[in-house]
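Trainee: After the structure tokens below, expect a handful of questions from me.
The values are calculated or read from the model by the stated rules, or taken from the named source; none is laboratory data. Predicted, not measured: the structure shown is a model, and the values here were computed from it. Backbone-built Cβ (ideal geometry, glycine too); neighbour counts: all protein chains shown.
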Amino acid sequence: MDNPNGELNPGWALDDVYRRLPGHFYTTQPAERVGEEPILVHASASAAALIDLGPGAFRHPDFAGVFSGHVPMAGFPPFASVYAGHQFGVFVNQLGDGRALTIAQLTNAKGERWDVQLKGAGRTPYSRFADGRAVLRSSIREYLCSEAIAALGIPTTRAMAVIASREGVQREVVEPGAVVTRLAPSFIRFGHFEFFHHRGQTDDVKRLADHVIETYFPELAAREDRYAAWFGEVVARTADLMAAWQAVGFAHGVMNTDNMSILGLTIDYGPFGFLDAYEPGFICNHSDEAGRYAFERQPGIGLWNLQALASALTSLVPVETLRAVLEGYAGVFREAMVTRFRAKLGLSGAEAGDAMLVNTLLKAMAKGGADYTLTFRGLSRVDEEEAAWLGLFGAGAEDARGWLEAYRARLGEDDPVARRVRMNAVNPKYVLRNWVAETAIRAVEDRGDVGTLDRIFRAVTAPFDEHPEAEEFAAPPPPQLCGLEVSCSS
Ligand code: AMP
Ligand code: MG
């Protein structure tokens, strides 16, 4: 909805649903208000539109204040929720919104539910020993990647704004601090269920499951097998999400169960990474020495995390049923993968050899470290630019040449023009490569240059289009920005 007056509240129906749960599910508390007046760094018009705010709202004198926690949201005292989770395979019995505060739960003009959450707005009872803050660098990363993943058509929490505070945050050195304003229908995680289950509070597990089903899966609420049906839905969404990540070369980096959304959204962007050169064992998180969350392991970890969720639901659903539902994961994942990769290759119809064709290509890519994004994007022009395309494969070029023969045989007499259009609508030209995110961060931090951030934002949020003014950001990392390390210290 357009909002030319820049009014900040376009008449949302605030609906405080989470706080209908008992008081030990959350803590109500104001944001901490760090430093002087906060500064809006960048905002996403398409995210703002989800809560009926037009771009005029960004110029409202209170926009940065309200959406960083400096100015309270009328009619909604903020809250933080408690959860637990398996971190790198180890159960931690109390985590929670340690630096996140929900400042609104609302229904937009279309009747869709949205929660508005601040990340980095101060300490909560769940902060443990940490400071409740986020640094500007990681906030820009989360902001850009949330919006990039959404533009790729992958389920995700959204980021409406990144807002800098005027006070430094102590990490290895003092860094500029910031708040990300996130939106999602719900931020409930697998770990919320694990928290109550592992304390033996099975009534609370049931309350939470009822809340989730009634609020977010109302179509299942009347079913007798509602809990099993709902778990089946979470399994299917998670399997599909894992396939979606694989198809664009996205590695989350910290797939702990407290970072797994009950709605199947990509959530909590930390040391994530997009593949440059294809390397199945790619580890994007410098702190993940054993490679638990390596690129090729993510689908398996998705299942591991669902098993942890299943354990937390044993008071609601018989174990044999949970097991049977989990057995469906592999099939949904495989089907989602082959469907997505058929589309990436521009294949029409389904043939028995398609999965093999995809695997052979991936093998050739891995052999010489072909750039993941450029290989698929370039495939739609391979007839015109065969030498350049084969050049992406390095040591795998001969294998790629052999593969092309099989590929052309599979394409048959398909209309090449229509195929190119289809392929370019699923193979992005721009993904948020690590070096690109780093370029945006350095521009803002070192030079106060928001223009570069804006150029990158426009490219990664319309990733299937051409952007002549941002052409450089479609490329693999330049040598001086190769192998940047990203860890959890954010
Ligand atoms: P993460 O792995 O970043 O998703 O964080 C795991 C847990 O640590 C969550 O409960 C976070 O809320 C909490 N946490 C991470 N960083 C901070 C911080 N700077 N201040 C307070 N809590 C934090
Ligand atoms: Mg987290």
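Trainee: Within the stretch 259-268, work out how many residues are within 11 Å of ligand 2 (Cβ to nearest atom) and among the β-branched types (V, I, T). Full working, then the answer.
Mentor: Filtering the stretch 259-268 down to residues within 11 Å of ligand 2 (Cβ to nearest atom) leaves 259-261, 267-268.
Imposing the further condition that a residue be among the β-branched types (V, I, T) reduces the set to 267.
Counting residues in the stretch 259-268 that are within 11 Å of ligand 2 (Cβ to nearest atom) and among the β-branched types (V, I, T) gives 1.
Trainee: Follow-up question, since we're still on this one. Return the total of residues in the stretch 17-34 being in contact (Cβ under 8 Å) with a residue 24 or more places away in the chain and loosely packed, with under 15 Cβ neighbours inside 10 Å.
Mentor: The first filter runs over the stretch 17-34 and keeps only residues in contact (Cβ under 8 Å) with a residue 24 or more places away in the chain, leaving 17-22, 24-34.
In the following step, the residues that additionally are loosely packed, with under 15 Cβ neighbours inside 10 Å were identified as 20, 22, 24, 28, 30.
Going through the stretch 17-34 one residue at a time, the tally reaches 5.
Trainee: Here are N256, N285: which of them is more than 17 Å from T375 (Cα to Cα), at pLDDT below 95 and within 16 Å of ligand 2 (Cβ to nearest atom)? I'd like the intermediate steps shown before the answer.
Mentor: Values: N256 fails: at pLDDT below 95.
Only one candidate qualifies: N285.
Trainee: Further, regarding this structure: Got a sec? Which of A222, A243, A229 is in contact (Cβ under 8 Å) with a residue 24 or more places away in the chain and either in a helix (DSSP H, G or I) or away from ligand 2 (no atom under 16 Å from the Cβ) (or both)?
Mentor: On the way: A222 fails: in contact (Cβ under 8 Å) with a residue 24 or more places away in the chain; A229 fails: in contact (Cβ under 8 Å) with a residue 24 or more places away in the chain.
None of the other options fit; the residue is A243.
Trainee: Does A104 qualify as being away from ligand 2 (no atom under 16 Å from the Cβ), out of contact with any Gly (no Cβ under 8 Å at 6 or more places or on another chain), under 20 Å from V41 (Cβ atoms) and not acidic (D, E)?
Mentor: On the way: away from ligand 2 (no atom under 16 Å from the Cβ): yes; out of contact with any Gly (no Cβ under 8 Å at 6 or more places or on another chain): yes; under 20 Å from V41 (Cβ atoms): no; not acidic (D, E): yes.
It is false that A104 is away from ligand 2 (no atom under 16 Å from the Cβ), out of contact with any Gly (no Cβ under 8 Å at 6 or more places or on another chain), under 20 Å from V41 (Cβ atoms) and not acidic (D, E).
Trainee: Do you know which residues across the stretch 244-275 are closer than 24 Å to G391 by Cβ and within 15 Å of ligand 1 (Cβ to nearest atom)?
Mentor: Once the filter is applied, which keeps residues that are closer than 24 Å to G391 by Cβ and within 15 Å of ligand 1 (Cβ to nearest atom), the stretch 244-275 yields nothing.
Trainee: Conditions first: (1) surrounded by fewer than 23 Cβ atoms within 10 Å (Cβ to Cβ); (2) not hydroxyl-bearing (S, T, Y); (3) not in a helix (DSSP H, G or I). Q307 passes all but one, so which condition is the exception?
Mentor: Evaluating Q307 over (1) surrounded by fewer than 23 Cβ atoms within 10 Å (Cβ to Cβ); (2) not hydroxyl-bearing (S, T, Y); (3) not in a helix (DSSP H, G or I) leaves (3) as the failure.
Trainee: Report, by residue number, each residue of the stretch 362-387 that is farther than 15 Å from K344 by Cα and assigned to a helix (DSSP H, G or I).
Mentor: K363, A364, A366, K367, G368, E386, A387
Trainee: What number of residues within the stretch 35-55 satisfy the criterion of being polar (S, T, N, Q) and either out of contact with any Phe, Trp or Tyr (no Cβ under 9 Å at 6 or more places or on another chain) or surrounded by fewer than 21 Cβ atoms within 10 Å (Cβ to Cβ) (or both)?
Mentor: Keep residues of the stretch 35-55 that are polar (S, T, N, Q), which gives 44, 46.
From what's left, either out of contact with any Phe, Trp or Tyr (no Cβ under 9 Å at 6 or more places or on another chain) or surrounded by fewer than 21 Cβ atoms within 10 Å (Cβ to Cβ) (or both): 46.
Selection size over the stretch 35-55: 1.
Trainee: Could you check the stretch 117-216 for helices (runs of 4 or more DSSP H) lying wholly inside it with 1 or more residues that are surrounded by fewer than 24 Cβ atoms within 10 Å (Cβ to Cβ), assigned by TED's automatic domain parsing to the domain that holds I103 and not aliphatic (A, V, I, L, M)?
Mentor: Working: elements: 136-151, 190-198, 202-216.
Filter on the stretch 117-216 gives 136-151.
Trainee: If you go through the stretch 443-474, how many residues are in a loop (DSSP other than H, G, I, E, B), in contact with a helix residue (DSSP H, G or I) (Cβ under 8 Å, 6 or more places away or on another chain) and without any contact (Cβ under 8 Å) to a residue 40 or more places away in the chain?
Mentor: Looking only at the stretch 443-474, we keep the residues that are in a loop (DSSP other than H, G, I, E, B), and these are 448-449, 461-467.
Next, from what is left, pick out any that are in contact with a helix residue (DSSP H, G or I) (Cβ under 8 Å, 6 or more places away or on another chain): 449, 461-464, 467.
Narrowing further to those that are without any contact (Cβ under 8 Å) to a residue 40 or more places away in the chain: 449, 467.
Residues meeting the conditions: 2.
Trainee: Is it the case that some residue within the stretch 455-468 is farther than 23 Å from K344 by Cβ, surrounded by 13 or more Cβ atoms within 10 Å (Cβ to Cβ) and in contact with a strand residue (DSSP E or B) (Cβ under 9 Å, 6 or more places away or on another chain)?
Mentor: Applying the first criterion (farther than 23 Å from K344 by Cβ) to the stretch 455-468 yields 455-458, 468.
Applying the additional criterion that residues be surrounded by 13 or more Cβ atoms within 10 Å (Cβ to Cβ) yields 455-458.
Now drop any that are not in contact with a strand residue (DSSP E or B) (Cβ under 9 Å, 6 or more places away or on another chain), which leaves 457.
There is at least one residue in the stretch 455-468 that is farther than 23 Å from K344 by Cβ, surrounded by 13 or more Cβ atoms within 10 Å (Cβ to Cβ) and in contact with a strand residue (DSSP E or B) (Cβ under 9 Å, 6 or more places away or on another chain).
Trainee: Can you find a residue in the stretch 29-39 that is at pLDDT below 95 and outside any loop (DSSP other than H, G, I, E, B)?
Mentor: No - not one qualifying residue is present in the stretch 29-39.
Trainee: Now, a different point. Within the group Y293, Y278, which residue is more than 16 Å from ligand 1 (Cβ to nearest atom), of a type in the set (S, T, Y) and surrounded by 20 or more Cβ atoms within 10 Å (Cβ to Cβ)? Quick ask: steps written out before the conclusion?
Mentor: Values: Y293 fails: more than 16 Å from ligand 1 (Cβ to nearest atom).
Of Y293, Y278, the one residue that is more than 16 Å from ligand 1 (Cβ to nearest atom), of a type in the set (S, T, Y) and surrounded by 20 or more Cβ atoms within 10 Å (Cβ to Cβ) is Y278.
Trainee: Here is a list: A364, A388. Which entry is without any contact (Cβ under 8 Å) to a residue 60 or more places away in the chain, buried (at least 18 other Cβ atoms within 10 Å of the Cβ) and farther than 23 Å from A148 by Cα?
Mentor: Exactly one residue qualifies, and that residue is A364.
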